[in-house]
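See structure below.
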Amino acid sequence: MHRGHELHPHLIRPDGSTSRKVQHSRMASTPNQQTDVRKVYYQCRLGQSELERMFGVACEGISSPEVQISTVVGSTRFWNSNLADLIATLQANAPEPSGKWTNISMEAKNASMERSVSISIDTERTEFNFSGSDSTWVYGQSARLESFLGAHGAVRNSPKYEAKISVVFAVFFIGVGALWAFGDLGKETVEECIQRAAESKENQLAFNIIMGALLSFGVLFILFQFLKRRSLRAQLRINSAVADGTWWSRLSVGEKIAAIGIPIASLATVGTLISAASDAIGK
């Protein structure tokens, strides 16, 4: 008569009574539910040793995991059960120049599908997803991998948004400075611009210094932002190592020379213009 209160036989005590605690415990441990945690990071710098350690960490807690590591070259997908064999397969069949692979993925799961992990890496971002009926394992592994990636340059926000903001500021500073230096379209040479400044009573030395500083700051800002982003960009080197250290230490010799030489030349040029304009006004 009361079908809504019927219980499964295994929830009935030996004395015939039922237990709500037992009933709730059975419901919480049901295999028909799982926890999924997905996260995306940018600017990760990963070489062969980092990838091997990361894949090892990700698979911990999965008993007898079925692992598949793969990459796509052109329209062909290659895969193997470990990274070393995948590298050998690719070198024999589709070698990548200088170890610059564009993508790699790893999937691991146990036979019962109670625990699984997938990692997808390309030249811009790294994404991982942990799934399992044991939420403690899922959140714990997610935190461990997050800490690992954080030690290798990972950030949560895409650098593209920060780049757009940097461009806006740079355009403003350079635009204001350019209007000051070359605002008169009828003048084509620096000497003519200086002569125009000498004839203008409104052109003061302090104003020249401020405008020159804005122009210089814009040039320096763009240069250092470019170099910094270049050194912090995501790197994926499957069969080689990535450079450690600060973003400055990872720059090449030519980039360091440019980083020092261009600002000095820029400041010297602006200083010369300001000095010449000041001398012309003083005469």
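Within the range 141-175, how many residues turn out to be at pLDDT 80 or above, in a helix (DSSP H, G or I) and surrounded by 14 or more Cβ atoms within 10 Å (Cβ to Cβ)?
Looking only at that region, the number is 7.
Wholly within the range 16-132, which helices (runs of 4 or more DSSP H) include no fewer than the required count, namely at least 3 residues that are farther than 23 Å from Ser142 by Cα and modelled with pLDDT of 85 or more?
Values: elements: 20-28, 48-59, 83-93.
Answer list for the range 16-132: 83-93.
Sort out which residues of the range 115-140 are buried (at least 17 other Cβ atoms within 10 Å of the Cβ) and more than 16 Å from Tyr42 (Cα to Cα), and write them in order of number.
Once the filter is applied, which keeps residues that are buried (at least 17 other Cβ atoms within 10 Å of the Cβ) and more than 16 Å from Tyr42 (Cα to Cα), the range 115-140 yields Arg115, Ser116, Val117, Ser118, Phe130, Ser131, Gly132, Ser133, Trp137, Val138.
Run down Leu83, Leu46, Leu90 and say which single residue is hydrophobic (A, V, I, L, M, F, W, C), closer than 23 Å to Val155 by Cβ and surrounded by 15 or more Cβ atoms within 10 Å (Cβ to Cβ). Explain how you work it out, then say what you get.
Details: Leu83 fails: closer than 23 Å to Val155 by Cβ; Leu90 fails: closer than 23 Å to Val155 by Cβ.
On inspection, the qualifying residue turns out to be Leu46.
Restricting to the range 56-80, name every residue that is surrounded by 13 or more Cβ atoms within 10 Å (Cβ to Cβ) and of a type in the set (Gly, Ala, Ser).
Across the range 56-80, the qualifying residues are Ala58, Gly61, Ser70.
The values are calculated or read from the model by the stated rules, or taken from the named source; none is laboratory data. Source: prediction; values computed, not measured. For neighbour counting, all protein chains shown are included, and Cβ atoms are generated from backbone atoms with ideal geometry for every residue, glycine included.
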